[in-house]
1. From other protein chains only, count the Cβ atoms within 10 Å of every residue's Cβ in A:116-129, then give the mean.
2. Over the alpha-carbon set of chain A, divide Rg by the Kirkwood Rh and report the Rg/Rh ratio to two decimals.
3. Take the Cα atoms of segment A:120-230, find their three principal axes, and give me the spread along each one in whole Å, biggest first.
4. With a 10 Å radius around each residue's Cβ, average the other Cβ atoms per peptide and rank B:505-516, B:580-591, A:211-222, highest first.
5. Determine, for each peptide in A:69-76, B:357-364, the mean count of other beta carbons within 10 angstrom over its residues, then list the peptides with the highest first.
6. Quick one: divide the alpha-carbon radius of gyration of chain B by 2.2 N^0.38 Å and tell me what you get.
7. Net charge within 13 Å of B:LYS349 by Cβ-Cβ distance, Lys/Arg positive one each and Asp/Glu negative one each, not counting B:LYS349 itself?
8. Ordered by packing density, taken as the mean number of other Cβ atoms within 10 Å over each peptide's residues, highest first, how do B:156-168, B:48-60 rank?
Amino acid sequence: MGGSLLKPVILIGIVYAILKFVVPNIPGSAPLPASLIFLYLMLTTSGIVIFATLSGESKDAFWNPIQRFMTGENIGGLQVLRYGVLLLFPLMVGWQTYSSTATSDAPPSENRTIHPAPPGEYTGLSNPVPKTPDTIQQGKGFYAAFCSPCHGGNFDGKGPAARGFNPPPANFSDPTTIAMLQESYLFWRIKKGGVGLPIEGMPWKSAMPRWEVELPDEWIWKIIMGEYDGAHQAPRTWE
Amino acid sequence: MQQQGGWFQRLLQAGRGHGGMFSALLWAVGLLSLPALAFGADVAPAAATEYRDIPYIGSRNLVWVVAQLHLLLAGFVLGVPIFAWLCEVVAWKTGEKRYDKLAKEFTKLLTSAYATTALFGGILLFLLISFYPKLMNYLTDIFFPSFIVYCLLFLVETMTLYLYWYGWDAMQDGHKKTFHIFLGFMLNFFAFFIMIVPNSWATFQASPVVLAEGSDIARAWAATWNPTWWPVNIHRLIANVVLGGYICGAYAGIRYLSARNAEERDHYDWMGYVGNFIGVFGLLPLPFAGYWLMREIYQYNQQMGITLMGGFLSWLFILQAMLIGVLFLGSNYYFWLGITYRIPGSELKYRKSMLSMLIILLLCLGVWMTPHSLVASLEEARKMGGTHHPLLGVFGVMSAKMTVSNLMILVTFMSFIMYWRAGKEETAGWAKAAKALMSALLVLAGIAVVVLGVWGYFVPAIIRINYFSTSQVMIVLFVMLTITPLTALLLKSAKTTTEMVWGKMPPRAGYALVLNAIMVILLMTLMGYARSSSRVHWHVYGVLRDSSQYAFSPALGYAAGIMALNTFLFCMIVAFIFWVATMSDKAKASHS
């Protein structure tokens, strides 16, 4: 088979091992979904093919053993392996076809949009409450009373009740959550809660209460100010 | 129909058979029903038709296909003159006749391509008037003055094209050539306006500015100068250059693969190089223009911005990343193959650099392709705590995407510089210092882009968007604008150690060129769907609602099918245009 083929196989194995076993064990990380691992392995394979075919010699060194294995004469013990591949390939195609069409009790893959688009009536809103130390403090107080049980006293999504939810409550100190959004977006999310999410946001997957039934709008605006200040983030603005 | 006709004939025959009794009865019924007309006059006229449809295909699908083909053809027809004119200017300035030949070869395509584009434009107009009369009435009411301007532009563009093409051989020497170059410039000048006028109609639908009062011209002008008009104009202009370049590359690739002699192989190998170069030349600034457009859309309307970048259309941008990634990889691969095959002996010298560049490109592409919300099974989502990965989720936002796209642009630029320098030995005394300066610039620029990207997570969004992202772009542009003239200066006195050999590229180079062109076409069809779907259930966003049965966004899988169909049809049309345009040349070649 030659070293030219062995190296790529080892490289793909190493990349797979890193993605499957190393990345999940980094503190604060989690296992990667198969879709992402597949994506990265495809990239690795593309890289290998590109590099191996940059010159005639490297292409021959990479491709000739494959060609010889598939079509060559007198390959000795590899003959059995060739028949094995010829049998395995249609079996794998058959298995793939079967598993993608057979009835299964497994739920479909989840593709939940975390930040779906807000309804038009919320897009132009701006916070009517003046931003003063007092109003921010009041907002933090409301946050402590109504939001912190789930979103956490440190605004990190690790409140005492958070463990009971899947997906977990949003972590506001993560720069990829509220820092990406305008205040009006948060106003919509707090006011309408999980049930107010559009389909792509999977309203059935969120336990966020519809706070409009309990809190006046002014309190919600103050909570938003308190959240940003407490999480050391700033809302998206255009000025 | 045949059955109905037979029924009526039988009825008449029955009437004749009964001695005209039946006919008399009909007359009587007619007379008696006359007073009903008076009542009928009081009934309100039937409501104006808002939509029409056709069975099986559906009006929206038909308009989708025709509009996309028209847009792709328009991109081709506007991109090719830029490409041809640039080649003609190079030939004029350097005296290299082969550039003039190339320019002429592509201008020849324009007359038939122009007619085909206009044909699809006409079909699109008829379909829009027939299927969407309410919308077209509304748009006509607003844009009537610009419709007139558009027609006038078409007249002058057509005249200029005829002069440019038919006068090619007659205007080859002295002042006549200068005039011909001027005609080429005017052709592109009018073409630019032909592009931006309809852009105003399309962008108005996404970001309308409606004046309740004022003259026709004032209303049309306000609607034209809407927030996304110029970002789209610039984005499309650059994209057309990219399309023109890569289609030239694909054409050269196919001709190279089917070349019958060494002369043809040399010519089409060189043409492929020029096409790829112009495609890459346009590709480098394209992400900046796209970023500006998205920023304007988001600023114009939060709902539309999030629909595109965080909502249900956000997966389009992962597909976009894949397609752009393949394009970057394909273009670099072609450069690297060029170094290996056209400049014998260079492969060993640059193999390590190519490997480093490839690894950087793949890492960047990995980040660019990582979505914010991942596709995961229930079990996987549970382990991650939702569809957002706690560690790799940071790759899913703009700060990461901007950083890697800038790095990929830098790497591609360096591939080109490497290709340019291969086979030459610098003789200038300051060459060592210049090369050290260029290396330092490149490394510092790379570090600065990464630092700004990481820092972008810790500052308010507006600082990142207005200052950090802009600085990243400026840094990359600075590197390009510094290294390009420095390299040109360095190579002016350089000694050629290995002559470039044309016609030795392997077949996979030709396939890479075809792949690049297909990627660009797919990208344009994908973004066409994104632009149209971002309006969701509005014909004119927030102003004129879509009340047809098609007021929903088609699923991505369905849309991907139509995009693939559009790409296929466009490739067939372009192949036909090339075939028609080169038919007489082939006949001449076989006679001689």
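Coordinate-derived values only; no laboratory data. On a predicted model such as this, the values are computed, not experimentally measured, just so you know. Positions of Cβ are generated from backbone atoms using ideal geometry, with glycine treated the same way; all protein chains shown enter the neighbour counts.
1. That works out to 4 on average.
2. 1.19
3. Each principal axis gives a Cα extent; for segment A:120-230 these are 35, 33, 28 Å.
4. Most protected by this proxy first, the peptides run B:505-516, A:211-222, B:580-591.
5. Top to bottom by mean Cβ count within 10 Å: B:357-364, A:69-76.
6. Relative to the rule-of-thumb radius for its length, chain B sits at 1.18.
7. For residues surrounding B:LYS349, the net value is +2.
8. B:156-168, B:48-60
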